[in-house]
Amino acid sequence: MSEYTRDEMMTVAAARLLRDGQVCFVGIGLPSAACNLARLTHAPELVLIYESGTIGTRPTVLPLSIGDGELAETATCVIPLPDIFSDYLQAGRIDIGFLGAAQIDRFGNLNSTVIGSYDKPKTRLPGAGGATEIAAHARQVFVVMKASPRSFVKKIDFQTSGGHFPGRPQSGARGAGPAVLVTDVGILKPHGESGEFTLSAVYPGIPADEARAAIGWPLAVLPELDTCAPPTAAELEVLRALEARTAAAHREPVRLPL
Amino acid sequence: MTEFLPLKDAIAKHVADGDCLALEGFTHLIPFAAGHELIRQGRKDLHLARMTPDLVYDQLIGVGAARKLTFSWGGNPGVGSLHRLRDAVENGWPCALEIDEHSHAAMAVGYRAGAARLPFGMLRGYIGTDLPARNPRIRHVTCPYTGENIATVPAVNPDVTILHAQRADRHGNVAIDGIVGAAREAALAAAKLLVTVEQIVDELPPAMNNIVLPAFTVTAVSQVPGGAWPSYAHGHYARDNDFYLRWDAIARDRGGFTAWIDRHVRATRDHRGFLASLREAA
């Protein structure tokens, strides 16, 4: 078995959750890597939608921004952004939405708006973007975040996007909310009526105690924990080739348009 | 009749202090040259609307040109924070900035309503979020047919929308290829539409289903090659991802930011001079 990093384990674990043919609303960073890894391995018909308006995009390198030209050039179609949100996301055509945030609570409510108070923030974060309506309307939400006591907190400072909040079934949200939380210390799934995120699988060589230490709420742990299979040689080869292509493409100097 | 003006004259004639401006373009075709010209001419008290403020509004906010910001995601894409936006919100530097904050889905329907001259846009949105509690402009209506509670946002109707596009023809019809974001809606929502273009051509390529803004919707066209840099113009030049990374260091510090603006924007005559000054500095 080859050596691999925690980021690679996390990316592979997220990729394995995707089924061929699903329609995914993708964000930049690890979700983008996971979705493209899935598309290049077990799910060749995965449909990737980026909020910039690209539908069915098949990039050969990972985008640095949500609107890189590569996404448009390899898409089935490119549509106006308002159509993506109204006619695709709100209309219920998205199977999986990926989200991350600065803070998450045990019910999968997310904060990407402010640390501190809204009127006098200690840290002003970028804000909602597409997240609020992705959290409401994607059939399922996959949250991908590295765990730390600062980000996995008992109480988030601001609720940007709803997880399993009280009254969700009557709220008008089309989707079922966060179905899984992929971290670097294991995989959490909602449990019981409250939908509290509970450790349900660990990675090889990372004990549940490490997850307990990294998570800022008293972590519930399933009595029978799964252990994720380590990344296969084939998964690692495809992921590393994708990342090498991406690094090479982003190293190419851009000439000033003068 | 669409006017053909140098950018300097288009801004001088059509943008006033206190205006509500939307410089749109989602990652692609962001009208940076126009943003810099606003800084050179010292426009102030602006109400800036844009889904993703990006570097172009970080610069306008950092020089104190804005009193209010309507937006839905205020980061440096793929990099991190917009430090000038943060400094304005967290510390009121260089002046206080009123925040009118939305989600992308809501701001998109705000532009759509603006383009259609409806008073508000509606969406099944703002569910499970604290945003409506912090922004009194986010409200709800009861559907007269089903009784459903639907979120609303006021129409966004800028005094002036400014876009960058690949090309215009000599009549003033403007064609955009590639990622369009909410450019079309923001264009039609505005009282005046200024467009900077890479090229002015005799005839636009056939584009039955492409995004074209017909000349009668376009107030003025200014040819500004490279006018979207450091964002990109599909088919002309790529996004300068490296500059987006470098901006993080330039904008982190008030002094460093001001020195950069003085040297590359205020001390240059136009966009050509701006790009030349960057090449000299490289």
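For the range A:113-130, give me each residue that is closer than 14 Å to B:F71 by Cα and more than 7 Å from every other protein chain (Cβ to nearest Cβ).
Selection gives A:T113, A:L125.
Does at least one position in the range A:155-177 carry a residue that is in contact (Cβ under 8 Å) with a residue 60 or more places away in the chain and more than 8 Å from every other protein chain (Cβ to nearest Cβ)? Break it down into steps so the answer makes sense when it comes.
Here is the first cut: in the range A:155-177, the residues in contact (Cβ under 8 Å) with a residue 60 or more places away in the chain are A:161, A:174-175, A:177.
Cutting the leftovers down to more than 8 Å from every other protein chain (Cβ to nearest Cβ) gives us A:175, A:177.
Checking the range A:155-177: at least one residue is in contact (Cβ under 8 Å) with a residue 60 or more places away in the chain and more than 8 Å from every other protein chain (Cβ to nearest Cβ).
Take the residues of the range B:117-148 that are part of a strand (DSSP E or B) and of a type in the set (V, I, T): which is farthest from B:G25 (Cα to Cα)? Break it down into steps so the answer makes sense when it comes.
Within the range B:117-148, the subset part of a strand (DSSP E or B) is B:120-123, B:139-142.
Adding the requirement that they be of a type in the set (V, I, T) leaves B:141-142.
Numbers: B:V141: 30, B:T142: 33 Å.
Checking each candidate, the answer is B:T142.
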**OP:** Could you look through the range B:28-45, keep only residues that are small (G, A, S) and away from chain A (no Cβ under 14 Å), and pick out the one that is surrounded by the fewest Cβ atoms within 10 Å (Cβ to Cβ)?
**Re:** B:G42
Original post:
Scanning the range A:178-187 for residues that are in a strand (DSSP E or B), farther than 30 Å from B:A151 by Cα and in contact (Cβ under 8 Å) with a residue 60 or more places away in the chain, which turns out farthest from the other protein chains (Cβ to nearest Cβ)?
Top reply: A:I187
Original post:
Hey, among the residues in the range A:31-76 that are at the interface with chain B (Cβ under 7 Å from one of its Cβ atoms) and charged (D, E, K, R), which one's farthest from B:A238 (Cα to Cα)?
Top reply: A:E51
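Does B:D130 satisfy the condition of being out of contact with any helix residue (DSSP H, G or I) (no Cβ under 8 Å at 6 or more places or on another chain), facing chain A (nearest Cβ under 10 Å), surrounded by 16 or more Cβ atoms within 10 Å (Cβ to Cβ) and within 18 Å of A:G172 (Cβ to Cβ)?
Numbers: out of contact with any helix residue (DSSP H, G or I) (no Cβ under 8 Å at 6 or more places or on another chain): yes; facing chain A (nearest Cβ under 10 Å): yes; surrounded by 16 or more Cβ atoms within 10 Å (Cβ to Cβ): yes; within 18 Å of A:G172 (Cβ to Cβ): yes.
The answer is yes for B:D130.
Residue-wise test of (1) in contact with a Leu (Cβ under 9 Å, 6 or more places away or on another chain); (2) part of a helix (DSSP H, G or I).
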site	(1), (2)
A:D119	no, no
A:R150	no, no
A:G175	no, no
A:K189	yes, no
A:S194	no, no
A:P204	no, no
A:E210	no, yes
**OP:** For the range A:199-231, name all the residues that are of a type in the set (S, T, N, Q) and surrounded by 15 or more Cβ atoms within 10 Å (Cβ to Cβ).
**Re:** A:S200
Subject >> Condition broken by A:R245, with the remaining ones in (1) surrounded by 13 or more Cβ atoms within 10 Å (Cβ to Cβ); (2) over 25 Å from A:L18 (Cα atoms); (3) charged (D, E, K, R) satisfied >> reply: (2)
Subject >> So A:G27, is it buried (at least 20 other Cβ atoms within 10 Å of the Cβ), within 14 Å of another protein chain (Cβ to nearest Cβ), touching a residue at least 60 places away in the same chain (Cβ under 8 Å) and under 19 Å from the mean Cα position of the chain (by Cα) >> reply: yes
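Among B:A186, B:A175, B:A168, B:A151, which is the only one that is in contact with a strand residue (DSSP E or B) (Cβ under 7 Å, 6 or more places away or on another chain), part of a strand (DSSP E or B), in contact (Cβ under 8 Å) with a residue 40 or more places away in the chain and within 27 Å of B:R272 (Cβ to Cβ)? Outline the logic, then answer.
Details: B:A186 fails: part of a strand (DSSP E or B); B:A175 fails: in contact (Cβ under 8 Å) with a residue 40 or more places away in the chain; B:A151 fails: within 27 Å of B:R272 (Cβ to Cβ).
The conditions single out B:A168.
Scan the range B:72-82 residue by residue and report those that are under 17 Å from A:T123 (Cα atoms) and either buried (at least 23 other Cβ atoms within 10 Å of the Cβ) or of a type in the set (D, E) (or both).
Start the filter on the range B:72-82 by keeping residues that are under 17 Å from A:T123 (Cα atoms), which leaves B:72-76, B:79-82.
Scanning the range B:72-82 gives B:S72, B:W73, B:G74, B:L82.
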Original post:
Is there any pair linking a residue in the range B:103-115 that is more than 7 Å from chain A (Cβ to nearest Cβ) and surrounded by fewer than 24 Cβ atoms within 10 Å (Cβ to Cβ) to one that is modelled with pLDDT of 95 or more and in a helix (DSSP H, G or I), with Cβ under 6 Å and at least six apart or on different chains, and which?
Top reply: B:A115/B:E185; B:A115/B:L188; B:A115/B:A189
**OP:** Taking B:T70 as meeting all but one of (1) within 19 Å of A:I28 (Cβ to Cβ); (2) outside any helix (DSSP H, G or I); (3) touching a strand residue (DSSP E or B) at 6+ places or on another chain (Cβ under 9 Å), write down the number of the exception.
**Re:** (1)
Original post:
In the range B:209-246, how many residues are of a type outside the set (G, A, S), more than 13 Å from chain A (Cβ to nearest Cβ) and out of contact with any Leu (no Cβ under 9 Å at 6 or more places or on another chain)?
Top reply: 2
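The values are calculated or read from the model by the stated rules, or taken from the named source; none is laboratory data. From a predicted model like this one, the values you see are computed outputs, not experimental measurements. Reconstructed Cβ throughout: ideal geometry from the backbone, glycine too, with neighbour counts over all protein chains shown.
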